[in-house]
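Worksheet for the structure shown next.
The values are calculated or read from the model by the stated rules, or taken from the named source; none is laboratory data. What you see is a predicted model, and the numbers here were worked out from it, not measured in a lab. Cβ placement follows ideal geometry from the backbone for every residue including glycine, while neighbour counts extend to all protein chains displayed. Heads up: the accessible areas ignore ligands, DNA and RNA and are worked out on the full protein's heavy atoms, side chains in. Shrake-Rupley method; radii C 1.70, N 1.55, O 1.52, S 1.80 Å.
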Amino acid sequence: MDKNIVSRVYLGGLLILALSLFYYQALKGEHYLRRAKNNYVRVVPLRSIRGSIFDRNSRVLAYDKAVFNIAVIPHQIEKKKNSLLKELAKFSDYDVNLIHRNYNKGLNNIFSPVDVILDINKSMVLKLKERFKDDILINPQAQRHYSYPYEFAHLLGYVKEAAPFYESLKKYGYRPLERVGFLGIEQYHDAYLKGEDGGDLIEVNAAGRTVGFLGVRKPKRGKDVYLTIDCRIQKIAHQILGEKKGVIILMDSKSGEIFSLVSSPSFDPNFFIKGRNVQRFLDNKNYPLFNRAIQATYPLGSTFKPIIGVAALEEGKITPSTKFNCIGGINIADTEFSCWSVHGEENLHQGLAHSCNVYFYNLGIILGAETMAKWAKKFGLDSLRGIDLPYEKKGFVPTPQWKTDALGKHWFLGDTLNLSIGQGFIEASPLEVLLGINVFANGGYLVRPYLLWKVDNADSRLRAKTYLGISQGNLNIIKQGLIGAIEADGGTAQLLKKLNLNIAGKTGTAQTKGESHGWFVGFFPHQEPKYAICVFLEHGGSSYEALGVTYLFLKRLKEENLL
Amino acid sequence: MKLKLTPVKTIIICVIFLNILSLMSLYSSLHQAGEFKEQAIFHKQIIWIVISWACLIIFSFISYRFYFDLSFILYGLNLVLLIFVIVFGKRIMGAQRWLDIGFFSFQPSELSKIAVIFILARFFSHPEKSFLRVVLFPFALVMINVFLIFKQPDLGTASILLFLFFMLGFFSKVRKRYFIFLLIGGFLFSPLAGKFLKSYQRKRLTVFLNPNVDPLGAGYTIIQSKIAIGSGKIFGKGFLSGTQNQFNFLPERHTDFIFTVIAEEWGLAGCLFLLSIYYLLLRKISQGLSKIRDPFAQILSLGISSFFFLHIFINIGMTLGILPIVGLPLIFLSYGGSHLLISFILLGIFFNICRSHK
């Protein structure tokens, strides 16, 4: 290898750079210095309009509306900045500190306008312009607005300026002033909704007046997004939950299309858009920003029983007529595992209808923890359901191996009994539980839930389902048990019989620290299920409260002909 | 075997000079209309420089032969990380090419530069010179990397890897015509590459040919970058006095466009001085090449100097508008930890080669 060649190549390369530098700095230096001095090139950003979001009946849920901001150009008001901002505040009745804060936040370069007063009414805009003339600019801007803020906060999310995350977003073509979706549909489908910002590139003189027009890039409008949600159902669900902490999900049993998904308590995303004080949402002990339907996991309680039932049938451990005797509890190693009543001799159908713990303790002992865990996983309780919302959390299914590895403790028979009635370590999100039970409604399919229906006019539904390979006969036996919970004497969900909707389902009271959680998960009409429903109340006391909410919710839907 | 003049001292002096210039330019670029903004960036860089020097010392004590055995493991690790970034990145808004490790984040594509230098040094120093083993196989390995990094998308690193392959190939003892075959083949397939470019990357390439196409976006950067450099004239505007820079006309000026800050403030004289320092550095790394008997070490040090040269040439070339904007740091000067660390580690490896050949 000749060292001279290597060195010469390097020298050659650096000489090319040196020559170009000589050209730009020595020969054309004067020209560029002049341009630098006159470099009053200003970019006036033109914001793109973000796509709107509609419900399934084309009711608008989120859209961009025009608002008027008052802007100043830092370079132009340099000397009189403080007095001018003070005058502006006095005249417009806007907080002077807020004006200063907006000024400091928006300052990008001294020739670009900075919005100091945001979102004021038209007459005030005209008054201010008359008073302050060329010292201020009227800056009409697109601002996101949510028609049903509390009802849709978790589903839609909101938008933020990209600036704080610009470093990580810029490689993907975002600009700092552009808005980017945060949480919900706004984030998940940002690529559709986001348009492309443009701008005017103008030349200004030292006084800040426009002297030349260098170019424009027109902003591009984002695409409209249509959801599968029915706004009317969503509103009712939100109303019925009221102050309670909890979740209502209503879904198409066959396709996984979501009609309504409400998490309560909720928040007002418009507050985040307008830069108003959002501290009360952030500090709230009930975590209103949290979407409980998909971002939180809870013990399943008795809603886990149908899965254990079908597992025992499929594994050939029992027949539908196998009976166990409930004397109000079962005694294992000096510990009492109780049932909530004394049921006597019961078969699977009765065990499900009456939600007998003893029946399922026995199944748990027969099946063993490993097999139960296998079936819980088969029903998707520890995997993401793939709904088109960000930050979905998956549930957790414990195994003896896990307990030894993670906690350094042995798995006891008591753990097995707890698992058999959905207590102990097992947890899942309300969405996961709904889709698990829905398997019994649609002939054995784990469907993928979705919210996106159309983008502009193109059908964009992402349907997917997994066949679990469970025999139809066994599915039907469990389904009959779930019908029994509503129809049979002493069924745990008899309240729903009054609705005449032919509901099948399972209640659940999940014990936890503090008040128990309440569940109702089901589907209807049971002959040809169309809807799957999940009602969950966090620390709601018991399944009875959840049943009550289900009853009121479906009653309203029926009254208003929404089913 | 004795080298006439130990290059280590000269290199250390050069790098200390570059460190100081880097901090000064960073300090200046973080000023806006006289106000020192984002001081945290400045402090972070100081910490990075300290860490990098520590790594240099550590690596100068690790026998370079070790990398011969390590090369495949490192290459495999780098593939895993790159795939991880692609899979992981898609989940979070498609916006991640960084891995967070505690207090700093790290860019796996920087690691792949080292991995590629190692495997190339290993293959090209192989005594057997068959086309398949010595050229085609390493080419395939490099292309897998190029493809994954291209996907991220990081055009700059992808092109550095390709250039490294050809530069090391041409300078090593492998037959030149093999590489000419590959180059011709590459040209025939190049229209395909256009398909993989993201729309904004394609835009950047068109803008390179004509900056006025997109005066607001990529074109704006080239125009403003040229104004900054040109207006520095012969002796510059002086420290902290660059108007282009101070009035925020140039985005990313503390990272990829740090050279514009130097050119505006120190003028042609400063730039030529900087280029001389760079040349001295490159020369010191390449001057002992013919005296190194171990072919692996020879190609390794060649890889190290080529790595520095390519970064310098492409980065300054793009600020001058003679090369497209691909997003590469200026070695030893730009803000950023990953590339600084890698450069120092490479120097440490070179120092070890020098020690072993004393």
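Against the definition (assigned to a helix (DSSP H, G or I) and modelled with pLDDT under 95), how does A:Arg276 come out, yes or no? So A:Arg276 fails the test. Check whether at least one residue in the stretch B:273-290 is within 10 Å of chain A (Cβ to nearest Cβ), open to solvent by 10 Å² or more (accessible area, probe 1.4 Å), part of a helix (DSSP H, G or I) and more than 23 Å from B:Leu168 (Cα to Cα), and report yes or no. Among the residues of the stretch B:273-290, at least one is within 10 Å of chain A (Cβ to nearest Cβ), open to solvent by 10 Å² or more (accessible area, probe 1.4 Å), part of a helix (DSSP H, G or I) and more than 23 Å from B:Leu168 (Cα to Cα), which makes the answer yes.
Number of residues in the stretch A:222-280 that are within 25 Å of A:Ser460 (Cβ to Cβ) and of a type in the set (Asp, Glu) equals 4. Annotation note: of A:Leu407, A:Leu384, A:Leu389, the sole residue that is in contact (Cβ under 8 Å) with a residue 24 or more places away in the chain and out of contact with any Leu (no Cβ under 6 Å at 6 or more places or on another chain) is A:Leu389. Residues in the stretch A:287-321 that are open to solvent by 40 Å² or more (accessible area, probe 1.4 Å) and in contact with a helix residue (DSSP H, G or I) (Cβ under 7 Å, 6 or more places away or on another chain) were compared, and the one that is nearest to A:Asn362 (Cα to Cα) is A:Lys317. When the stretch A:325-335 is filtered for residues that are farther than 25 Å from A:Gly491 by Cα and not aliphatic (A, V, I, L, M), the ones remaining, listed by number, are A:Asn331, A:Asp334, A:Thr335. Cβ-Cβ contacts under 6 Å between residues 6 or more apart (or on different chains), taken from a first residue in the stretch A:328-353 that is more than 11 Å from A:Leu417 (Cβ to Cβ) and free of Cβ contacts under 8 Å to residues at least 24 places away in the same chain to a second residue that is assigned to a helix (DSSP H, G or I) and among the hydroxyl-bearing types (Ser, Thr, Tyr), are listed as A:Glu346/A:Tyr359. Which condition breaks for B:Pro295 when tested against (1) over 18 Å from the mean Cα position of the chain (by Cα); (2) buried (at least 23 other Cβ atoms within 10 Å of the Cβ)? Here B:Pro295 clears every test but (2). For the list (1) under 25 Å from A:Trp453 (Cα atoms); (2) at pLDDT below 90, I need the number of the one condition that A:Cys231 fails. All conditions are met except number (2).
Scanning the stretch A:92-124 for residues that are open to solvent by less than 90 Å² (accessible area, probe 1.4 Å), in a helix (DSSP H, G or I) and of a type outside the set (A, V, I, L, M) yields A:Ser92, A:His100, A:Asn102, A:Tyr103, A:Gly106, A:Ser123. Within the stretch A:165-185, does at least one residue satisfy the condition of being within 11 Å of chain B (Cβ to nearest Cβ), buried (at least 20 other Cβ atoms within 10 Å of the Cβ) and modelled with pLDDT of 70 or more? Taking every residue of the stretch A:165-185 in turn, at least one turns out to be within 11 Å of chain B (Cβ to nearest Cβ), buried (at least 20 other Cβ atoms within 10 Å of the Cβ) and modelled with pLDDT of 70 or more.
Going through the stretch A:467-487 one residue at a time, which ones are among the hydroxyl-bearing types (Ser, Thr, Tyr) and either without any contact (Cβ under 8 Å) to a residue 40 or more places away in the chain or open to solvent by less than 20 Å² (accessible area, probe 1.4 Å) (or both)? Passing the criteria: only A:Tyr467.
Of the residues contained in the stretch A:322-334, none is found to be surrounded by fewer than 18 Cβ atoms within 10 Å (Cβ to Cβ) and in contact with a Lys or Arg (Cβ under 6 Å, 6 or more places away or on another chain). In this structure, does B:Val15 turn out to be surrounded by 18 or more Cβ atoms within 10 Å (Cβ to Cβ), among the β-branched types (Val, Ile, Thr) and part of a helix (DSSP H, G or I)? Spelling it out, B:Val15 is indeed surrounded by 18 or more Cβ atoms within 10 Å (Cβ to Cβ), among the β-branched types (Val, Ile, Thr) and part of a helix (DSSP H, G or I). Residues of the stretch B:302-350 that are open to solvent by less than 10 Å² (accessible area, probe 1.4 Å) and among the hydroxyl-bearing types (Ser, Thr, Tyr): B:Ser305, B:Ser306, B:Thr319, B:Ser334, B:Ser338, B:Ser343. The conditions of being within 14 Å of chain B (Cβ to nearest Cβ) and at pLDDT 85 or above are not met by A:Val60. When you scan the stretch A:81-101, do you find a residue that is free of Cβ contacts under 8 Å to residues at least 12 places away in the same chain, of a type in the set (Asp, Glu) and closer than 30 Å to B:Glu38 by Cα, even just one? Within the stretch A:81-101, one or more residues are free of Cβ contacts under 8 Å to residues at least 12 places away in the same chain, of a type in the set (Asp, Glu) and closer than 30 Å to B:Glu38 by Cα.
In the stretch B:158-175, the residues that are closer than 18 Å to B:Gln298 by Cα reach residues that are at pLDDT below 90 and of a type in the set (Gly, Ala, Ser) with C-beta atoms within less than 9 angstrom, at least six apart or across chains, in these pairs: B:Ser172/B:Ser125; B:Lys173/B:Ser125. Just one of the listed residues (B:Phe179, B:Phe171, B:Phe124, B:Phe137) is open to solvent by less than 40 Å² (accessible area, probe 1.4 Å), hydrophobic (A, V, I, L, M, F, W, C) and modelled with pLDDT of 85 or more, and it is B:Phe124. For the stretch A:299-327, residues that are touching a residue at least 12 places away in the same chain (Cβ under 8 Å), more than 30 Å from A:Leu537 (Cβ to Cβ) and among the small types (Gly, Ala, Ser) total 1. The number of residues in the stretch B:50-89 that are free of Cβ contacts under 8 Å to residues at least 24 places away in the same chain and of a type in the set (Lys, Arg) comes to 0. Looking only at the stretch A:76-91, which residues are assigned to a helix (DSSP H, G or I) and open to solvent by 40 Å² or more (accessible area, probe 1.4 Å)? Selection gives A:Gln76, A:Lys81, A:Asn82, A:Ser83, A:Lys86, A:Glu87, A:Lys90, A:Phe91.
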